[in-house]
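Enquirer: Have a look at the structure that comes next, please.
The values are calculated or read from the model by the stated rules, or taken from the named source; none is laboratory data. This is a predicted model, so every value here is computed, not measured. With ideal geometry, Cβ positions are generated from the backbone for all residues, glycine too; neighbour counts draw on all protein chains shown. Keep in mind that these areas ignore ligands, DNA and RNA; they rest on the heavy atoms of the full protein, side chains included. Shrake-Rupley method; radii C 1.70, N 1.55, O 1.52, S 1.80 Å.
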Amino acid sequence: MDKLVVKKSLGLNGEIRISGAKNAVLPIVCAGILTAETLNLTNVPHLKDIDTLGELLRLMGIDVSLNNGNMLITANKVTSLMAPYELVKQMRASILVLGPLLGRFGEAIVSLPGGCAIGARPVDVHLKGLEQMGAHIEIENGYIKAKVDRLKGARIIMDVVTVTGTENLLMAAVLADGVTVLENCAREPEVVDLANCLVKMGAQIEGIGSDTLTITGVDKLHGATHAIIADRIEAGTYAVAAVMTQGDLTLTNVRPDVMGAVIEKLRLAGANVIVGDTTLQVIMHKRALAVDITTQPYPGFPTDMQAQFMALNCIADGTSVMSENIFENRYMHVPELCRMGADISVDGNIAVVKGCDSLTGANVMATDLRASASLVLAGLVASSSTTVDRVYHLDRGYESMEDKLGKVGANIKRITY
Ligand code: EPZ
(Lines give C-alpha, C1' and ligand atoms only; values in the text may rest on other atoms or scores of the structure.)
Protein backbone atom coordinates (compact mmCIF):
# COMPACT_ATOMS: atom_id res chain seq x y z
CA MET A 1 0.00 0.00 0.00
CA ASP A 2 1.26 3.53 -0.66
CA LYS A 3 0.55 6.84 1.01
CA LEU A 4 1.43 10.40 0.11
CA VAL A 5 2.89 12.80 2.69
CA VAL A 6 2.03 16.36 1.63
CA LYS A 7 3.45 19.48 3.24
CA LYS A 8 2.54 23.14 2.83
CA SER A 9 3.81 24.25 -0.59
CA LEU A 10 2.74 27.77 -1.45
CA GLY A 11 3.54 29.47 -4.75
CA LEU A 12 3.79 26.46 -7.06
CA ASN A 13 5.67 27.64 -10.11
CA GLY A 14 6.68 26.14 -13.45
CA GLU A 15 5.39 23.85 -16.18
CA ILE A 16 3.37 20.63 -16.02
CA ARG A 17 2.82 18.48 -19.10
CA ILE A 18 -0.71 17.07 -19.13
CA SER A 19 -1.14 13.40 -20.05
CA GLY A 20 -3.68 11.76 -22.34
CA ALA A 21 -7.19 11.40 -20.93
CA LYS A 22 -7.94 8.23 -18.94
CA ASN A 23 -11.62 8.46 -19.85
CA ALA A 24 -10.78 8.59 -23.55
CA VAL A 25 -8.23 5.77 -23.48
CA LEU A 26 -10.59 3.30 -21.80
CA PRO A 27 -13.32 3.29 -24.48
CA ILE A 28 -10.82 3.67 -27.34
CA VAL A 29 -8.81 0.64 -26.22
CA CYS A 30 -12.09 -1.32 -26.25
CA ALA A 31 -12.69 -0.08 -29.81
CA GLY A 32 -9.64 -2.17 -30.72
CA ILE A 33 -11.87 -5.23 -30.26
CA LEU A 34 -13.87 -4.14 -33.33
CA THR A 35 -11.14 -5.02 -35.85
CA ALA A 36 -8.56 -7.77 -36.49
CA GLU A 37 -6.06 -5.10 -37.53
CA THR A 38 -3.81 -3.15 -35.17
CA LEU A 39 -5.06 -0.02 -33.43
CA ASN A 40 -2.06 2.23 -32.70
CA LEU A 41 -2.62 4.77 -29.90
CA THR A 42 -0.26 7.56 -28.84
CA ASN A 43 -0.31 9.97 -25.86
CA VAL A 44 -1.50 7.10 -23.66
CA PRO A 45 -0.85 7.76 -19.94
CA HIS A 46 0.55 5.03 -17.70
CA LEU A 47 -2.31 4.48 -15.24
CA LYS A 48 -3.54 1.57 -13.14
CA ASP A 49 -6.93 1.53 -14.89
CA ILE A 50 -5.24 1.17 -18.28
CA ASP A 51 -3.07 -1.68 -17.00
CA THR A 52 -6.21 -3.40 -15.68
CA LEU A 53 -8.00 -3.04 -19.03
CA GLY A 54 -4.91 -4.38 -20.82
CA GLU A 55 -4.97 -7.40 -18.52
CA LEU A 56 -8.62 -7.99 -19.36
CA LEU A 57 -8.05 -7.82 -23.12
CA ARG A 58 -5.06 -10.18 -22.87
CA LEU A 59 -7.33 -12.65 -21.05
CA MET A 60 -9.47 -12.58 -24.20
CA GLY A 61 -6.49 -13.44 -26.39
CA ILE A 62 -5.99 -9.88 -27.61
CA ASP A 63 -2.43 -8.57 -28.06
CA VAL A 64 -1.91 -5.42 -26.03
CA SER A 65 1.40 -3.60 -25.56
CA LEU A 66 2.16 -0.23 -23.98
CA ASN A 67 5.59 1.40 -24.26
CA ASN A 68 6.33 5.06 -23.55
CA GLY A 69 2.83 6.24 -24.23
CA ASN A 70 2.36 4.14 -27.36
CA MET A 71 -0.27 1.40 -27.10
CA LEU A 72 -0.88 -1.28 -29.73
CA ILE A 73 -4.05 -3.40 -29.65
CA THR A 74 -4.49 -6.33 -32.07
CA ALA A 75 -7.62 -8.47 -31.74
CA ASN A 76 -6.84 -10.96 -34.53
CA LYS A 77 -7.12 -14.11 -32.44
CA VAL A 78 -9.78 -13.56 -29.79
CA THR A 79 -10.11 -16.70 -27.67
CA SER A 80 -12.62 -15.59 -25.04
CA LEU A 81 -15.67 -13.31 -25.04
CA MET A 82 -15.77 -13.05 -21.26
CA ALA A 83 -14.92 -10.22 -18.86
CA PRO A 84 -14.57 -11.86 -15.41
CA TYR A 85 -15.75 -10.39 -12.10
CA GLU A 86 -12.20 -10.32 -10.70
CA LEU A 87 -11.21 -7.67 -13.24
CA VAL A 88 -14.51 -5.83 -13.67
CA LYS A 89 -14.71 -5.25 -9.90
CA GLN A 90 -11.33 -3.49 -10.10
CA MET A 91 -12.37 -1.26 -12.97
CA ARG A 92 -16.04 -0.79 -13.78
CA ALA A 93 -15.25 0.75 -17.16
CA SER A 94 -14.58 -2.85 -18.26
CA ILE A 95 -18.28 -2.75 -19.16
CA LEU A 96 -17.06 -0.99 -22.31
CA VAL A 97 -16.06 -4.36 -23.85
CA LEU A 98 -19.75 -5.30 -24.05
CA GLY A 99 -20.69 -3.22 -27.10
CA PRO A 100 -17.63 -4.11 -29.18
CA LEU A 101 -17.83 -7.85 -28.37
CA LEU A 102 -21.50 -7.95 -29.35
CA GLY A 103 -20.91 -5.81 -32.42
CA ARG A 104 -18.12 -7.95 -33.83
CA PHE A 105 -18.75 -11.45 -32.41
CA GLY A 106 -22.47 -11.44 -31.50
CA GLU A 107 -21.76 -12.69 -28.01
CA ALA A 108 -20.42 -11.40 -24.67
CA ILE A 109 -20.35 -12.50 -21.05
CA VAL A 110 -19.48 -9.53 -18.88
CA SER A 111 -19.61 -9.29 -15.11
CA LEU A 112 -22.15 -6.71 -13.97
CA PRO A 113 -20.10 -3.84 -12.56
CA GLY A 114 -21.18 -3.38 -8.97
CA GLY A 115 -21.77 0.04 -7.50
CA CYS A 116 -18.83 2.04 -6.31
CA ALA A 117 -18.10 4.64 -3.66
CA ILE A 118 -19.79 7.43 -5.60
CA GLY A 119 -23.04 5.68 -6.39
CA ALA A 120 -25.04 2.71 -7.62
CA ARG A 121 -23.96 3.42 -11.22
CA PRO A 122 -26.38 1.06 -12.95
CA VAL A 123 -25.93 0.06 -16.60
CA ASP A 124 -29.64 -0.30 -17.46
CA VAL A 125 -29.38 2.22 -20.30
CA HIS A 126 -26.50 0.27 -21.88
CA LEU A 127 -28.49 -2.98 -21.76
CA LYS A 128 -31.80 -1.49 -22.92
CA GLY A 129 -30.11 0.01 -25.98
CA LEU A 130 -28.44 -3.28 -26.89
CA GLU A 131 -31.78 -5.10 -26.56
CA GLN A 132 -33.32 -2.52 -28.89
CA MET A 133 -30.59 -3.51 -31.38
CA GLY A 134 -31.72 -7.13 -31.13
CA ALA A 135 -29.44 -8.54 -28.46
CA HIS A 136 -30.85 -11.19 -26.16
CA ILE A 137 -29.63 -10.31 -22.66
CA GLU A 138 -29.88 -12.34 -19.46
CA ILE A 139 -28.46 -11.53 -16.03
CA GLU A 140 -27.24 -14.69 -14.34
CA ASN A 141 -24.98 -15.11 -11.29
CA GLY A 142 -23.90 -11.47 -11.52
CA TYR A 143 -23.02 -11.73 -15.19
CA ILE A 144 -24.53 -10.08 -18.26
CA LYS A 145 -24.97 -12.82 -20.88
CA ALA A 146 -25.66 -11.27 -24.27
CA LYS A 147 -26.19 -12.93 -27.66
CA VAL A 148 -27.29 -11.89 -31.13
CA ASP A 149 -26.76 -13.11 -34.70
CA ARG A 150 -26.01 -9.57 -35.86
CA LEU A 151 -27.03 -6.33 -34.15
CA LYS A 152 -29.58 -4.29 -36.09
CA GLY A 153 -29.68 -0.53 -36.39
CA ALA A 154 -32.34 1.06 -34.16
CA ARG A 155 -33.55 4.45 -32.94
CA ILE A 156 -32.49 4.66 -29.29
CA ILE A 157 -33.42 7.49 -26.92
CA MET A 158 -31.29 7.11 -23.78
CA ASP A 159 -33.20 7.81 -20.55
CA VAL A 160 -30.23 9.56 -18.95
CA VAL A 161 -27.13 11.26 -20.34
CA THR A 162 -24.56 8.53 -19.80
CA VAL A 163 -20.94 8.75 -20.96
CA THR A 164 -20.07 5.04 -21.08
CA GLY A 165 -23.64 4.21 -22.12
CA THR A 166 -23.23 6.42 -25.18
CA GLU A 167 -19.80 4.91 -25.85
CA ASN A 168 -20.99 1.29 -25.52
CA LEU A 169 -23.95 1.80 -27.86
CA LEU A 170 -21.84 3.78 -30.33
CA MET A 171 -19.31 0.94 -30.52
CA ALA A 172 -22.12 -1.62 -30.86
CA ALA A 173 -23.68 0.33 -33.74
CA VAL A 174 -20.64 0.74 -36.00
CA LEU A 175 -20.81 -2.89 -37.25
CA ALA A 176 -24.59 -3.29 -36.93
CA ASP A 177 -26.85 -4.03 -39.90
CA GLY A 178 -28.42 -0.72 -40.90
CA VAL A 179 -28.64 2.75 -39.37
CA THR A 180 -28.69 3.48 -35.63
CA VAL A 181 -29.83 6.85 -34.28
CA LEU A 182 -28.65 7.47 -30.71
CA GLU A 183 -30.47 10.34 -28.98
CA ASN A 184 -29.75 12.14 -25.70
CA CYS A 185 -26.06 11.26 -26.14
CA ALA A 186 -23.32 12.40 -23.78
CA ARG A 187 -21.22 15.08 -25.51
CA GLU A 188 -18.09 14.79 -23.35
CA PRO A 189 -14.83 15.38 -25.27
CA GLU A 190 -13.85 11.78 -24.50
CA VAL A 191 -16.96 10.56 -26.36
CA VAL A 192 -15.97 12.80 -29.29
CA ASP A 193 -12.43 11.39 -29.19
CA LEU A 194 -13.81 7.84 -29.38
CA ALA A 195 -16.06 8.77 -32.32
CA ASN A 196 -13.16 10.42 -34.15
CA CYS A 197 -11.03 7.30 -33.65
CA LEU A 198 -13.87 5.04 -34.90
CA VAL A 199 -14.18 7.18 -38.06
CA LYS A 200 -10.43 6.71 -38.66
CA MET A 201 -11.12 2.96 -38.39
CA GLY A 202 -13.75 3.20 -41.13
CA ALA A 203 -16.93 3.78 -39.14
CA GLN A 204 -19.66 6.02 -40.55
CA ILE A 205 -20.82 8.44 -37.84
CA GLU A 206 -22.66 11.75 -38.18
CA GLY A 207 -23.42 14.33 -35.48
CA ILE A 208 -20.12 13.91 -33.58
CA GLY A 209 -20.11 16.33 -30.64
CA SER A 210 -23.89 16.69 -30.64
CA ASP A 211 -26.51 14.90 -28.53
CA THR A 212 -27.68 12.86 -31.55
CA LEU A 213 -25.37 10.38 -33.27
CA THR A 214 -26.37 8.68 -36.54
CA ILE A 215 -24.31 5.58 -37.28
CA THR A 216 -24.51 3.65 -40.55
CA GLY A 217 -23.22 0.14 -39.88
CA VAL A 218 -20.37 -1.22 -42.03
CA ASP A 219 -19.19 -4.81 -42.48
CA LYS A 220 -15.66 -4.34 -41.22
CA LEU A 221 -13.38 -1.84 -39.54
CA HIS A 222 -9.64 -1.54 -40.15
CA GLY A 223 -6.71 -0.49 -38.00
CA ALA A 224 -5.77 3.14 -37.44
CA THR A 225 -3.40 5.44 -35.59
CA HIS A 226 -4.90 7.88 -33.08
CA ALA A 227 -3.50 10.36 -30.55
CA ILE A 228 -5.50 10.41 -27.30
CA ILE A 229 -7.02 13.76 -26.32
CA ALA A 230 -5.41 15.58 -23.40
CA ASP A 231 -6.92 14.98 -19.96
CA ARG A 232 -9.09 17.99 -19.13
CA ILE A 233 -9.64 16.76 -15.55
CA GLU A 234 -5.94 16.32 -14.81
CA ALA A 235 -5.40 19.82 -16.25
CA GLY A 236 -8.24 21.23 -14.14
CA THR A 237 -6.81 19.58 -11.03
CA TYR A 238 -3.40 21.24 -11.45
CA ALA A 239 -5.04 24.55 -12.36
CA VAL A 240 -6.80 24.44 -8.98
CA ALA A 241 -3.44 23.68 -7.32
CA ALA A 242 -2.05 26.90 -8.84
CA VAL A 243 -4.98 28.92 -7.49
CA MET A 244 -4.93 27.39 -3.99
CA THR A 245 -1.17 27.82 -3.53
CA GLN A 246 -1.19 31.31 -5.14
CA GLY A 247 1.30 30.24 -7.75
CA ASP A 248 1.96 30.48 -11.47
CA LEU A 249 1.62 27.23 -13.40
CA THR A 250 1.77 26.69 -17.15
CA LEU A 251 0.05 23.50 -18.25
CA THR A 252 1.21 22.13 -21.63
CA ASN A 253 -0.26 19.53 -24.03
CA VAL A 254 -3.72 20.81 -23.05
CA ARG A 255 -7.02 21.26 -24.93
CA PRO A 256 -8.32 24.56 -23.46
CA ASP A 257 -11.21 24.50 -25.96
CA VAL A 258 -12.91 21.69 -23.99
CA MET A 259 -12.32 23.31 -20.57
CA GLY A 260 -14.67 26.28 -20.85
CA ALA A 261 -16.76 25.63 -17.73
CA VAL A 262 -13.68 25.06 -15.56
CA ILE A 263 -11.79 28.09 -16.93
CA GLU A 264 -14.82 30.27 -16.20
CA LYS A 265 -14.85 29.13 -12.55
CA LEU A 266 -11.09 29.65 -12.18
CA ARG A 267 -11.55 33.23 -13.38
CA LEU A 268 -14.52 33.77 -11.05
CA ALA A 269 -12.25 32.61 -8.20
CA GLY A 270 -9.96 35.49 -9.18
CA ALA A 271 -7.29 33.70 -11.21
CA ASN A 272 -5.62 35.20 -14.25
CA VAL A 273 -6.01 32.41 -16.85
CA ILE A 274 -4.06 32.80 -20.09
CA VAL A 275 -5.27 30.44 -22.82
CA GLY A 276 -2.94 29.28 -25.61
CA ASP A 277 -3.62 26.78 -28.41
CA THR A 278 -2.31 23.88 -26.33
CA THR A 279 -1.37 25.63 -23.09
CA LEU A 280 -3.10 27.05 -20.04
CA GLN A 281 -1.29 29.45 -17.72
CA VAL A 282 -2.90 30.01 -14.30
CA ILE A 283 -1.59 32.90 -12.22
CA MET A 284 -2.85 33.76 -8.73
CA HIS A 285 -1.40 36.21 -6.23
CA LYS A 286 -4.25 36.58 -3.76
CA ARG A 287 -6.74 34.54 -1.76
CA ALA A 288 -9.35 32.87 -3.97
CA LEU A 289 -12.96 34.01 -3.94
CA ALA A 290 -15.57 31.32 -3.16
CA VAL A 291 -17.30 29.99 -6.29
CA ASP A 292 -20.67 28.26 -6.54
CA ILE A 293 -20.57 24.96 -8.45
CA THR A 294 -23.37 22.98 -10.13
CA THR A 295 -22.25 19.79 -11.85
CA GLN A 296 -23.87 18.95 -15.18
CA PRO A 297 -23.18 16.83 -18.26
CA TYR A 298 -20.74 18.42 -20.73
CA PRO A 299 -20.47 21.29 -21.61
CA GLY A 300 -21.64 22.05 -18.05
CA PHE A 301 -19.30 21.93 -15.08
CA PRO A 302 -17.81 18.40 -14.82
CA THR A 303 -18.61 16.25 -11.80
CA ASP A 304 -15.00 15.02 -11.93
CA MET A 305 -13.87 18.53 -10.92
CA GLN A 306 -16.32 18.97 -8.01
CA ALA A 307 -14.06 17.61 -5.25
CA GLN A 308 -11.10 19.72 -6.41
CA PHE A 309 -13.15 22.93 -6.37
CA MET A 310 -14.48 22.00 -2.95
CA ALA A 311 -10.90 21.98 -1.68
CA LEU A 312 -10.46 25.44 -3.22
CA ASN A 313 -13.66 26.69 -1.62
CA CYS A 314 -12.50 25.41 1.79
CA ILE A 315 -9.88 28.17 1.94
CA ALA A 316 -11.62 30.76 -0.25
CA ASP A 317 -12.97 34.13 0.84
CA GLY A 318 -16.72 33.69 1.29
CA THR A 319 -19.34 30.96 1.32
CA SER A 320 -20.08 28.73 -1.67
CA VAL A 321 -22.97 26.44 -2.55
CA MET A 322 -22.06 23.27 -4.41
CA SER A 323 -24.61 21.02 -6.10
CA GLU A 324 -23.65 17.51 -7.26
CA ASN A 325 -26.22 16.45 -9.84
CA ILE A 326 -24.58 13.50 -11.55
CA PHE A 327 -23.84 10.99 -8.77
CA GLU A 328 -25.83 10.40 -5.61
CA ASN A 329 -22.91 9.96 -3.24
CA ARG A 330 -19.98 12.03 -4.36
CA TYR A 331 -19.21 13.88 -1.14
CA MET A 332 -16.98 11.29 0.57
CA HIS A 333 -14.16 13.84 0.59
CA VAL A 334 -16.26 16.09 2.85
CA PRO A 335 -15.65 14.33 6.21
CA GLU A 336 -11.95 14.07 5.37
CA LEU A 337 -11.71 17.78 4.50
CA CYS A 338 -13.61 18.58 7.72
CA ARG A 339 -10.96 16.67 9.66
CA MET A 340 -8.51 19.19 8.19
CA GLY A 341 -10.58 22.03 9.63
CA ALA A 342 -12.89 22.74 6.68
CA ASP A 343 -16.39 24.10 7.39
CA ILE A 344 -18.73 22.15 5.12
CA SER A 345 -22.33 21.12 5.66
CA VAL A 346 -24.05 18.65 3.34
CA ASP A 347 -27.79 18.25 2.80
CA GLY A 348 -28.57 15.69 0.11
CA ASN A 349 -26.75 16.73 -3.05
CA ILE A 350 -26.05 20.25 -1.77
CA ALA A 351 -22.86 21.18 0.09
CA VAL A 352 -22.40 24.61 1.70
CA VAL A 353 -18.73 25.51 2.17
CA LYS A 354 -17.69 28.39 4.44
CA GLY A 355 -14.17 29.45 3.49
CA CYS A 356 -11.61 29.26 6.33
CA ASP A 357 -8.35 31.18 6.61
CA SER A 358 -6.40 27.95 6.76
CA LEU A 359 -6.56 24.18 7.10
CA THR A 360 -4.57 21.91 9.39
CA GLY A 361 -2.80 18.79 8.22
CA ALA A 362 -4.23 15.37 9.17
CA ASN A 363 -4.14 11.71 8.30
CA VAL A 364 -6.87 11.38 5.68
CA MET A 365 -8.17 8.58 3.54
CA ALA A 366 -9.03 8.63 -0.13
CA THR A 367 -12.25 6.94 -1.19
CA ASP A 368 -12.41 7.65 -4.90
CA LEU A 369 -10.19 9.02 -7.59
CA ARG A 370 -11.15 12.69 -7.45
CA ALA A 371 -11.72 12.74 -3.69
CA SER A 372 -8.09 11.67 -3.29
CA ALA A 373 -6.98 14.50 -5.56
CA SER A 374 -8.90 17.03 -3.46
CA LEU A 375 -7.14 15.80 -0.29
CA VAL A 376 -3.73 16.26 -1.89
CA LEU A 377 -4.72 19.79 -2.93
CA ALA A 378 -5.86 20.54 0.63
CA GLY A 379 -2.57 19.17 1.95
CA LEU A 380 -0.65 21.65 -0.22
CA VAL A 381 -2.09 24.57 1.78
CA ALA A 382 -2.56 22.96 5.21
CA SER A 383 -0.47 24.30 8.10
CA SER A 384 1.11 20.94 8.95
CA SER A 385 1.79 17.64 7.26
CA THR A 386 -1.05 15.68 5.65
CA THR A 387 -0.87 11.96 4.97
CA VAL A 388 -3.21 10.72 2.25
CA ASP A 389 -3.78 7.00 2.54
CA ARG A 390 -5.12 4.51 -0.08
CA VAL A 391 -3.25 6.28 -2.84
CA TYR A 392 -4.14 3.49 -5.26
CA HIS A 393 -7.30 5.50 -5.96
CA LEU A 394 -5.09 8.35 -7.17
CA ASP A 395 -2.90 6.05 -9.27
CA ARG A 396 -5.97 4.90 -11.19
CA GLY A 397 -6.33 8.31 -12.83
CA TYR A 398 -3.28 10.50 -12.29
CA GLU A 399 0.08 9.73 -13.90
CA SER A 400 2.77 10.26 -11.21
CA MET A 401 1.05 13.16 -9.47
CA GLU A 402 3.81 13.49 -6.88
CA ASP A 403 6.47 13.86 -9.60
CA LYS A 404 4.49 16.42 -11.58
CA LEU A 405 3.70 18.50 -8.48
CA GLY A 406 7.19 18.00 -7.04
CA LYS A 407 8.76 19.48 -10.17
CA VAL A 408 6.88 22.77 -9.63
CA GLY A 409 7.81 23.06 -5.97
CA ALA A 410 5.38 20.90 -4.02
CA ASN A 411 6.67 19.13 -0.92
CA ILE A 412 5.07 15.72 -1.54
CA LYS A 413 6.54 12.28 -0.92
CA ARG A 414 5.24 8.76 -1.66
CA ILE A 415 5.76 6.21 1.13
CA THR A 416 5.36 2.50 0.47
CA TYR A 417 4.55 0.47 3.58
C1 EPZ B 1 -18.06 8.35 -16.79
O2 EPZ B 1 -18.63 7.43 -15.90
C3 EPZ B 1 -16.65 8.62 -16.29
N4 EPZ B 1 -15.89 7.37 -16.35
C5 EPZ B 1 -16.69 9.16 -14.87
O6 EPZ B 1 -15.37 9.45 -14.47
C7 EPZ B 1 -17.50 10.45 -14.88
O8 EPZ B 1 -17.61 10.95 -13.56
C9 EPZ B 1 -18.90 10.18 -15.45
O10 EPZ B 1 -18.79 9.59 -16.76
C11 EPZ B 1 -19.73 11.44 -15.57
O12 EPZ B 1 -19.08 12.35 -16.39
C13 EPZ B 1 -15.42 6.96 -17.55
O14 EPZ B 1 -15.63 7.58 -18.58
C15 EPZ B 1 -14.61 5.68 -17.55
P16 EPZ B 1 -22.47 8.02 -16.51
P17 EPZ B 1 -20.02 6.70 -16.29
O18 EPZ B 1 -22.95 6.75 -17.10
O19 EPZ B 1 -20.13 6.58 -17.75
C20 EPZ B 1 -26.58 7.23 -14.32
C21 EPZ B 1 -13.56 9.51 -13.04
O22 EPZ B 1 -13.40 10.10 -11.97
N23 EPZ B 1 -26.73 6.05 -15.19
O24 EPZ B 1 -22.30 9.21 -17.41
O25 EPZ B 1 -20.11 5.47 -15.46
C26 EPZ B 1 -25.44 7.10 -13.34
O27 EPZ B 1 -25.85 6.40 -12.19
C28 EPZ B 1 -14.83 8.78 -13.34
O29 EPZ B 1 -12.72 9.52 -13.98
C30 EPZ B 1 -27.89 5.28 -15.14
O31 EPZ B 1 -28.79 5.58 -14.35
O32 EPZ B 1 -21.07 7.76 -15.78
C33 EPZ B 1 -25.08 8.53 -13.05
O34 EPZ B 1 -25.95 9.03 -12.04
C35 EPZ B 1 -15.71 8.75 -12.13
N36 EPZ B 1 -28.03 4.21 -15.95
C37 EPZ B 1 -25.38 9.25 -14.36
O38 EPZ B 1 -26.22 8.36 -15.11
C39 EPZ B 1 -27.05 3.85 -16.84
O40 EPZ B 1 -27.22 2.85 -17.58
C41 EPZ B 1 -24.15 9.55 -15.21
O42 EPZ B 1 -23.39 8.38 -15.25
C43 EPZ B 1 -25.87 4.64 -16.90
C44 EPZ B 1 -25.74 5.73 -16.07
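Enquirer: Taking the criterion of being farther than 19 Å from Leu170 by Cα, within 14 Å of the ligand (Cβ to nearest atom), open to solvent by less than 10 Å² (accessible area, probe 1.4 Å) and in a loop (DSSP other than H, G, I, E, B), would at least one residue in the range 26-47 satisfy it?
Expert: Yes: the range 26-47 contains one or more residues that are farther than 19 Å from Leu170 by Cα, within 14 Å of the ligand (Cβ to nearest atom), open to solvent by less than 10 Å² (accessible area, probe 1.4 Å) and in a loop (DSSP other than H, G, I, E, B).
Enquirer: Now, a different point. So Val64 fits all but one of (1) touching a Leu at 6+ places or on another chain (Cβ under 9 Å); (2) part of a helix (DSSP H, G or I); what number is the exception?
Expert: Only one criterion in (1) touching a Leu at 6+ places or on another chain (Cβ under 9 Å); (2) part of a helix (DSSP H, G or I) is unmet by Val64, namely (2).
Enquirer: Being outside any helix (DSSP H, G or I) and either closer than 13 Å to Ile205 by Cα or small (Gly, Ala, Ser) (or both) is the filter here; which residues of the range 157-178 pass it?
Expert: Hits for the range 157-178 are Val174, Leu175, Ala176, Gly178.
Enquirer: In the list Ala366, Ala362, which residue meets the criterion of being buried (at least 24 other Cβ atoms within 10 Å of the Cβ) and under 18 Å from Arg390 (Cβ atoms)?
Expert: Matching residue, one of Ala366, Ala362: Ala366.
Enquirer: Now for a different question. From the list Gly103, Gly54, exactly one residue is in a helix (DSSP H, G or I), touching a residue at least 40 places away in the same chain (Cβ under 8 Å) and not aliphatic (A, V, I, L, M). Which is it? Step through it out loud before you land on a result.
Expert: Values: Gly54 fails: touching a residue at least 40 places away in the same chain (Cβ under 8 Å).
It is Gly103.
Enquirer: Given the condition of a type outside the set (S, T, N, Q), modelled with pLDDT of 95 or more and assigned to a strand (DSSP E or B), answer yes or no: does some residue in the range 123-135 qualify?
Expert: No; the residues of the range 123-135 include none that is of a type outside the set (S, T, N, Q), modelled with pLDDT of 95 or more and assigned to a strand (DSSP E or B).
Enquirer: Only one residue in Ala227, Ala173 is closer than 23 Å to Ala36 by Cα, crowded, with 18+ Cβ neighbours inside 10 Å, in contact with a Leu (Cβ under 9 Å, 6 or more places away or on another chain) and modelled with pLDDT of 95 or more, so which one is that?
Expert: Numbers: Ala227 fails: crowded, with 18+ Cβ neighbours inside 10 Å.
Answer to the check: Ala173.
Enquirer: Here are Ser19, Ser9, Ser65: which of them is loosely packed, with under 15 Cβ neighbours inside 10 Å and either within 15 Å of the ligand (Cβ to nearest atom) or small (Gly, Ala, Ser) (or both)?
Expert: Working: Ser19 fails: loosely packed, with under 15 Cβ neighbours inside 10 Å; Ser9 fails: loosely packed, with under 15 Cβ neighbours inside 10 Å.
Going through Ser19, Ser9, Ser65 in turn, just one is loosely packed, with under 15 Cβ neighbours inside 10 Å and either within 15 Å of the ligand (Cβ to nearest atom) or small (Gly, Ala, Ser) (or both): Ser65.
Enquirer: Next question, about the same structure. Select from the range 376-417 the residues that are in a strand (DSSP E or B) and either open to solvent by less than 10 Å² (accessible area, probe 1.4 Å) or in contact with a His (Cβ under 9 Å, 6 or more places away or on another chain) (or both) and list them in ascending order.
Expert: So the first thing to find is which residues in the range 376-417 are in a strand (DSSP E or B), and the list is 386-389, 411-416.
Across the range 376-417, the qualifying residues are Thr386, Val388.
Enquirer: Sticking with this structure for a sec: Specify the residue that is nearest to the chain's Cα centre (by Cα); the eligible residues are those in the range 88-113 that are more than 12 Å from the ligand (Cβ to nearest atom), open to solvent by 10 Å² or more (accessible area, probe 1.4 Å) and closer than 30 Å to His333 by Cα. If you could, list the steps in order and put the result at the bottom.
Expert: Going through the range 88-113, the residues more than 12 Å from the ligand (Cβ to nearest atom) turn out to be 88-90, 97, 99-111.
Keeping just the survivors that are open to solvent by 10 Å² or more (accessible area, probe 1.4 Å) gives 89-90, 103-105, 107, 109.
Next, only the ones that are closer than 30 Å to His333 by Cα stay: 89-90.
Values: Lys89: 17, Gln90: 15 Å.
Among residues in the range 88-113 that are more than 12 Å from the ligand (Cβ to nearest atom), open to solvent by 10 Å² or more (accessible area, probe 1.4 Å) and closer than 30 Å to His333 by Cα, the one nearest to the chain's Cα centre (by Cα) is Gln90.
Enquirer: A further question on this structure: Which of the following residues is assigned to a strand (DSSP E or B) and surrounded by fewer than 19 Cβ atoms within 10 Å (Cβ to Cβ): Val181, Val199, Val218, Val192? If you could, list the steps in order and put the result at the bottom.
Expert: On the way: Val199 fails: assigned to a strand (DSSP E or B); Val218 fails: assigned to a strand (DSSP E or B); Val192 fails: assigned to a strand (DSSP E or B).
Just one listed residue meets the conditions, Val181.
Enquirer: Let me ask another. Of the residues Gly153, Gly129, which single one is more than 15 Å from the ligand (Cβ to nearest atom) and open to solvent by less than 50 Å² (accessible area, probe 1.4 Å)? Give the steps one after another, and end with the answer.
Expert: Values: Gly129 fails: more than 15 Å from the ligand (Cβ to nearest atom).
Within the list Gly153, Gly129, the selection yields Gly153.
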